[in-house]
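Peer 1: Mind having a look at this structure? Questions to follow.
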Amino acid sequence: MNIKSFGKGAVIFRQGDAGDCMYDIQSGRVGIFDHYGEPDEKKIAELYADQIFGEMGLLDHAPRSATAVALTNETVVSVISEEEFYEYFEKAPAKVLVLMQQMCNRLRRTSKDYLEACRTVHDTVAAEKTGGKKSGGLLASLQKLCAAYKGYNYYAHN
C-alpha cells in the first residue's frame, strides 16, 4: 500500500483516467467534482478521513466518472491497487463494511431518484390523458435522474 500526500488544490485523479486503484483518506478532505475546472463544474461531494473513494474504478476497470481534488493542505491517502485489494481488507476488515455501506447508500439514492422520476412521469402522463393538473416537478425529477446517471451525487451523503 502506497501513502501519498497532496497539497490543497492538487488533483488526485481526473475524470476519464483509468480506474486502477482506490483511495482511503487518512487525513484531510477530498472534493469529488464533475467537469472540474470547466464552466459547468459541479462539486459532487466532500469526503473526510476514513472514507474510501475510487473503488468503482478498481472493481470494474471503467474510467473515472469524476475528478478527485485535495481540499486541504496535507491531505493524505492510502492508494490501494488491485493487487493489494484483498490483502488490504484482510488487514482492515472494518473497511469492507465501510465500502459496502457507501456503495449501498449510493445505490439506494439512485434507485430512489429513478423511482421518483418514474412516478412523476406517470403522474404527468395520467394528468395529460385526463386533462388534470400537470406536475410542475417533471423537469426537476428528470434532471435529477439524469444527473445521477452521469455520476452526479455519486459520492454525496456517504
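The values are calculated or read from the model by the stated rules, or taken from the named source; none is laboratory data. All values reported here derive from a predicted model rather than from experimental measurement. Counting neighbours? That spans all protein chains shown, and the Cβs are built from the backbone with ideal geometry, glycine included.
Peer 1: Output the qualifying pairs, or none if there are none: Cβ atoms under 7 angstrom, residues six or more apart or on different chains, first residue in the stretch 2-19 and assigned by TED's automatic domain parsing to the domain that holds Glu82, second residue part of a loop (DSSP other than H, G, I, E, B) and among the polar types (S, T, N, Q).
Peer 2: Matching pairs, first to second residue: Gly7/Asn73; Lys8/Thr72; Lys8/Asn73; Gln15/Ser65.
Peer 1: Right, next: Give the residues of the stretch 79-99 that are closer than 15 Å to Gly57 by Cα and free of Cβ contacts under 8 Å to residues at least 60 places away in the same chain, sorted by residue number.
Peer 2: Those that are closer than 15 Å to Gly57 by Cα and free of Cβ contacts under 8 Å to residues at least 60 places away in the same chain: Glu83, Leu99.
Peer 1: If you don't mind, there's one more thing I want to ask. Can you work out which of the residues in the stretch 32-82 that are in contact with an Asp or Glu (Cβ under 9 Å, 6 or more places away or on another chain) and among the charged types (D, E, K, R) is surrounded by the fewest Cβ atoms within 10 Å (Cβ to Cβ)?
Peer 2: Within the stretch 32-82, the match that is surrounded by the fewest Cβ atoms within 10 Å (Cβ to Cβ) is Asp40.
Peer 1: Another question, if that's okay. So in the stretch 7-42, with the set limited to residues that are charged (D, E, K, R) and under 25 Å from Lys95 (Cα atoms), which one is modelled with the lowest pLDDT?
Peer 2: Asp20
Peer 1: Being at pLDDT 95 or above and polar (S, T, N, Q) is the requirement here; does Thr130 meet it?
Peer 2: No, not satisfied.
Peer 1: Among the residues of the stretch 1-19, write down those that are touching a strand residue (DSSP E or B) at 6+ places or on another chain (Cβ under 7 Å) and closer than 22 Å to His61 by Cβ. Reasoning before the result, please.
Peer 2: If we filter the stretch 1-19 for residues that are touching a strand residue (DSSP E or B) at 6+ places or on another chain (Cβ under 7 Å), which is where we start, we get 1-15.
Those that are touching a strand residue (DSSP E or B) at 6+ places or on another chain (Cβ under 7 Å) and closer than 22 Å to His61 by Cβ: Met1, Asn2, Lys4, Val11, Ile12, Phe13, Arg14, Gln15.
Peer 1: Additional query: Does any residue in the stretch 110-131 that is in the same structural domain as Ile44 (by TED's automatic domain parsing) come within less than 6 Å, Cβ to Cβ, of a residue that is surrounded by 15 or more Cβ atoms within 10 Å (Cβ to Cβ) and modelled with pLDDT of 80 or more six or more places away or on a different chain, and which pairs are these?
Peer 2: none
Peer 1: For the list (1) under 19 Å from the mean Cα position of the chain (by Cα); (2) part of a strand (DSSP E or B), I need the number of the one condition that Arg109 fails.
Peer 2: All conditions pass for Arg109, except number (2).
Peer 1: I'm trying to understand the selection: among the residues of the stretch 32-80, which are part of a loop (DSSP other than H, G, I, E, B) and among the polar types (S, T, N, Q)?
Peer 2: Result: Gln51, Ser65, Thr72, Asn73.
Peer 1: Moving to a separate point now. Is there any pair with a first residue in the stretch 53-76 that is within 11 Å of Val30 (Cβ to Cβ) and a second that is modelled with pLDDT under 95 and surrounded by fewer than 16 Cβ atoms within 10 Å (Cβ to Cβ) whose Cβ atoms are under 7 Å apart and which are 6 or more apart or on different chains, and what are they?
Peer 2: Hits for this filter: Leu71/Glu46.
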